[in-house]
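Contents: one structure, followed by commentary.
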Amino acid sequence: MLNPAPEGANSRTTSHYIAFEHVFKTFDYPVLVDVSFHVNAGETLAVIGRSGVGKSVSLGHIMGFLKPDQGRVWVAYTDITELPEPELRRIRKKVTMVFQNGALFDSLTVGENILFSLELRDDYNEKNKEDVVNGLLQMVDLLEYRDVYPTELSTGYKRAVAIARALAAQPECILYDEPTTMVDPIMSDHVGNLMLRLKRQLGLTSVVVTHDLDLMRKVADKVVMLYEGKAIFFGTVAEMDRFDHPHIREFLAMDRVEIE
């Protein structure tokens with residue numbers, strides 16, 4: 001069942017790294033309806049549900065690209081609901097997003113794509129930047145592809161490069177938008193292992209929007225399931241497996257193929 005709304009509503013502090021408190025958002029129709037959930041530092045939250053239920057809209061609120069019609073959004077222990085853009089840019093230095101399409105520059109090599117992110121920082125000299133690029137590519141097992149262009153890479157490898165580029169900003173939190181969509185099972189498993197490794201080695205907080213139930217089971221500490229704009233479940237994977245709700249049971253069964 002739904003956990004209670006996170007503490008901190010209408011106050012200056014919260015104990016959660018990210019929290020939605022009774023969030024509503026309407027475009028042509030209600031997309032988020034009284035949605036509450038939270039993510040503690042170092043945890044991974046999976047946001048699941050069918051297409052069009054508000055998963056990517058939730059990521060947009062966390063990044064501050066969207067603002068709720070009602071409710072509060074907390075990110076990096078800060079109420080960002082009404083923050084002006086300069087303050088949001090400060091938050092985005094702590095929280096970065098890996099987009100579904102990777103958002104890589106096709107005219108730049110893999111290494112140059114990562115170097116581009118480092119050019120925005122003034123705390124590295126040129127030698128340090130080269131070392132950081134190599135270190136990040138080694139972390140995602142792609143050092144040998146440093147001089148390759150994105151168009152020569154598979155979708156899965158592009159996602160891994162996008163993760164390396166996101167790490168260049170030294171974030172506290174990474175948002176993943178469907179990281180294993182259109183990726184073969186072997187690369188999907190690799191991406192999941194990479195996400196786990198980054199969490200364990202760097203202590204990153206993560207939010208992952210996914211249809212991939214295998215990925216959810218591998219990486220998630222908590223799960224929120226959206227249905228018709230509402231959070232019909234928030235809890236652990238084990239709690240979800242025991243939760244007797246017809247829409248959850250249907251969703252879990254939808255992607256499970258029994259192998260004899």
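If you go through segment 162-187 and pick out every residue that is without any contact (Cβ under 8 Å) to a residue 40 or more places away in the chain and among the β-branched types (Val, Ile, Thr), you end up with 3. Among the residues of segment 135-187, write down those that are modelled with pLDDT of 90 or more, over 26 Å from residue 18 (Cα atoms) and of a type in the set (Gly, Ala, Ser). Residue satisfying the conditions is 135 alone. Restricting segment 177-195 to residues that are in a helix (DSSP H, G or I) and of a type in the set (S, T, N, Q), the residue that is nearest to residue 57 (Cα to Cα) is 188.
Evaluation of residue 132 against the conditions (1) loosely packed, with under 15 Cβ neighbours inside 10 Å; (2) under 30 Å from residue 144 (Cα atoms) shows that the sole unmet condition is (1).
Selection of segment 41-86 for residues being small (Gly, Ala, Ser) and in contact with a Cys (Cβ under 9 Å, 6 or more places away or on another chain) yields 41, 76.
Give 172, 152, 178 a once-over and let me know the one that is more than 17 Å from the chain's Cα centre (by Cα) and either charged (D, E, K, R) or loosely packed, with under 15 Cβ neighbours inside 10 Å (or both).
Unique residue meeting the criteria: 152.
For beta carbons closer than 9 Å, sequence separation of 6+ or different chains, a first residue in segment 120-140 that is acidic (Asp, Glu) and a second that is modelled with pLDDT under 90 and assigned to a loop (DSSP other than H, G, I, E, B), the qualifying pairs are 131/124. For segment 44-52, does any single residue satisfy the condition of being among the β-branched types (Val, Ile, Thr) and surrounded by fewer than 21 Cβ atoms within 10 Å (Cβ to Cβ)? No - not one qualifying residue is present in segment 44-52.
The values are calculated or read from the model by the stated rules, or taken from the named source; none is laboratory data. This structure is a prediction, so every number in the text was calculated from the model and none was measured. Ideal geometry is used to build each Cβ from the backbone, glycine not excepted, and the neighbour counts take in all protein chains shown.
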